[in-house]
Amino acid sequence: MKMTRAKVWMDGQLVNFEDAKVHVLTHGLHYGTGVFEGIRVYETSQGRAIFRLREHMVRFLESAKMIELKVPYSVDELCVACRDVVRGAPADGDYLRPIAYFGLNPQGNIGVNPLRMPTNVSIACTHMGAYVGKEQLENGANVITSSWEKPSSRSALLTAKATGNYLNSVLARLEAIKRGADEAIMLNADGTVAEGTGENIFLVRRGKILTPPLSAGILEGITRDSIITLAAEMGSVVVERDIARAELYTADEVFMTGTAAEVTPIGTIDGISVGKGKAGPVTKGLQSAFAQVVKGEDPRHMAWLDLV
Ligand code: PMP
């Protein structure tokens, strides 16, 4: 197991990996009152670059706003901090994890009310590699539809990348592992497709590319947005509409997108093969277009790369 012991930015200071600790009475630890991001760092011919850094930090502050967490840093300041962390990280540090949360009450009290808790912010860099798996990136992942329902927008802030939302994802991921699958797709209360535990979902059927809308209860993925843009450049308009569970089984291709998962083809769903059971032509085309962008080989999207 690789260990990337890069310095961690904590509330404005770079501290050693071993010293990046929190107190056990931290509010966010007990009640899931935090927001976070996951951001990839790629090797390009011009050096290391952070992918769509600004968009990630904008979403970070928007997530914080939704849970009424006051973050005392601007998007620009957070971007500078991310670059500083990457600069000091070993070459295998390919993933940034900013997090902000309600911290420790100065009196050491604990209770649900977050209002008298200070905000803490930190940014760490670690090694991610292929998230779902190298073999899955090439040949397709085996996924299940989870028995855990995606919470509705009446019970959670689904467009916030909030820590508390992820217990649901963790349960679905555990279920997938116990059933011998790589990943789980969650359905929402209407029974339509929401998203993976950390990925957005796309389908290809009869030449059309489909993806669930935000109203299906999903995170507004930055990779999702990148794929919608790249598909349009390749001449396909991605249609955002509700997707019935049954459509997963008759799709020609299904793939997942996410910072960690990048573009991961899906080979089987609930044991039923998707199309030919491996990465189809549309998925492969988008996967290689995305790979070119992140390596800095697509002049149209250099603005998505923030050189460190
Ligand atoms: N949905 C969920 C629940 C996620 O955690 C993620 C990962 N951030 C995504 C979708 C994909 O978002 P992005 O492409 O911005 O990483």
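The values are calculated or read from the model by the stated rules, or taken from the named source; none is laboratory data. On a predicted model such as this, the values are computed, not experimentally measured, just so you know. Here the Cβ positions follow ideal geometry from the backbone for every residue, glycine too, while neighbour counts run over all protein chains shown. Note: areas computed on protein heavy atoms with side chains; ligands, DNA, RNA excluded. Shrake-Rupley method; radii C 1.70, N 1.55, O 1.52, S 1.80 Å.
Below are the figures for this structure:
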item	result
Residue count, the range 90-140 (criterion: touching a helix residue (DSSP H, G or I) at 6+ places or on another chain (Cβ under 7 Å), under 25 Å from residue 52 (Cα atoms) and β-branched (Val, Ile, Thr))	1
Verdict on residue 188 being away from the ligand (no atom under 14 Å from the Cβ), buried (at least 19 other Cβ atoms within 10 Å of the Cβ) and at pLDDT 95 or above	no
Residue match in the range 254-277 (condition: touching a His at 6+ places or on another chain (Cβ under 7 Å) and within 14 Å of the ligand (Cβ to nearest atom))	no
Boolean, residue 195 is of a type in the set (D, E, K, R), more than 30 Å from residue 80 (Cα to Cα) and either part of a helix (DSSP H, G or I) or under 17 Å from the mean Cα position of the chain (by Cα) (or both)	yes
Residue list for the range 30-76, restricted to those being open to solvent by 40 Å² or more (accessible area, probe 1.4 Å), more than 14 Å from the ligand (Cβ to nearest atom) and free of Cβ contacts under 8 Å to residues at least 24 places away in the same chain	61, 65, 74, 76
Number of positions in the range 194-216 that are within 21 Å of residue 286 (Cα to Cα) and away from the ligand (no atom under 12 Å from the Cβ)	9
Where residue 296 falls short, out of the listed (1) away from the ligand (no atom under 16 Å from the Cβ); (2) under 26 Å from residue 181 (Cβ atoms); (3) touching a helix residue (DSSP H, G or I) at 6+ places or on another chain (Cβ under 8 Å)	(2)
Search result, residues across the range 77-94 that are among the aliphatic types (A, V, I, L, M) and surrounded by fewer than 16 Cβ atoms within 10 Å (Cβ to Cβ)	80, 91
Count of residues meeting criterion [closer than 14 Å to residue 118 by Cα and among the hydroxyl-bearing types (Ser, Thr, Tyr)] in the range 1-39	2
